[in-house]
Amino acid sequence: MDRLVSTAIPPVQPWQLATIVAVRQETPNAKTFQLNVAGPHNFVAGQHFIIRLTADDGYHAQRAYSAASPPGQEPLEITVERLPGGEVSTFLHDGVDVGDMVDIRGPIGGHFAWDVSAPILGIAGGSGVAPLMSMLRAARAAGRSDYMTLVVSARSPRDLYYADEITGPRTRVAYTRTAPPGDPRGVGRLTMEDLAPMVHVRQQAFVCGSPAFCDAATMLLDSLGVPAYDIRVERFGPSG
């Protein structure tokens, strides 16, 4: 039973125009884009949108990006990691300025959506934190910070997305290569000890990251007694 997926997932919309109204450097390899979308685009935290670019000769390239902003808040926010040789990510990083317009379609996806109806645990690796940040922000905006616990694995402090917001007793960061001075955990991959204090009975877990990260996190949850039907997974690959 999909207990946490809204029964009112918005239908997929046709292509619309979106204006880029702000850009910020999130990490050395990632930028966050704020977009004003021309038409309706109501979504549930965890859903994603398709961004389409069109060349002068009519060639199209498109990629999917999760919403990082909470539902109901404008502008819509997405974070794009620049990938080596990435067709769309490279153009968004190098060829897009405030005031430019892109095609957008969405929202899309229901399996990884959460409507702030019951407590969850989010586990993210690297850029996989984007949809979980939408969930964290949604919980905080709804006055239910206790409904969202977030564990993030990042290579180093400079690689941590949304660092200013991933704070407080319900968040934890596991650094795999370089930790900040004084971090009592040190460095290393995510472990059972990292997750055990965050796991509670009948609390669904949402896992997002690379296939290898998702497999490892799922195995840890299984070892901690979380049943498979309480684990939602969204894997991403280097499509660029």
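Any read-out appearing in this document is the output of simple, stated calculations on the displayed coordinates, not a laboratory observation. From a predicted model like this one, the values you see are computed outputs, not experimental measurements. Counting neighbours? That spans all protein chains shown, and the Cβs are built from the backbone with ideal geometry, glycine included.
How big is the dipole moment of the chain about its Cα centre under a simple scheme where the beta carbon of each Lys and Arg is +1, that of each Asp and Glu is -1, and everything else is neutral? Debye, nearest 20, please.
540 debye
Expressed as a whole number of Å, what is the distance separating the alpha-carbon centroids of segment 38-99 and segment 157-191?
27 Å
Just want the answer: with Cβ charges of +1 for Lys and Arg and -1 for Asp and Glu, which residue in ILE108, GLY95, TYR59 is farthest toward the dipole's positive end in the chain?
ILE108
Quick one: VAL37, VAL102, fewest Cβ neighbours within 10 Å first, how do they rank?
By the 10 Å Cβ count, ascending: VAL37, VAL102.
Of the labelled options (i) 146; (ii) 132; (iii) 123, which one gives volume of the Cα convex hull per residue in Å³ as computed for this structure?
(iii)
To the nearest 10 degrees, how steeply does helix 211-223 sit against the main Cα axis of the chain, on a 0 to 90 scale?
For helix 211-223, the angle is close to 30 degrees.
Quick one: net charge around ARG155, please, counting Lys, Arg +1 and Asp, Glu -1 for every other residue with C-beta under 13 Å from its C-beta.
+1
Using the alpha-carbon atoms, what tilt in degrees (0 to 90, nearest 10) does helix 129-141 show relative to the longest principal axis of the chain?
The angle comes out at about 80 degrees.
Among SER153, SER145, rank each residue by its count of other Cβ atoms within 10 Å, from fewest to most, as a rough exposure measure.
SER145, SER153
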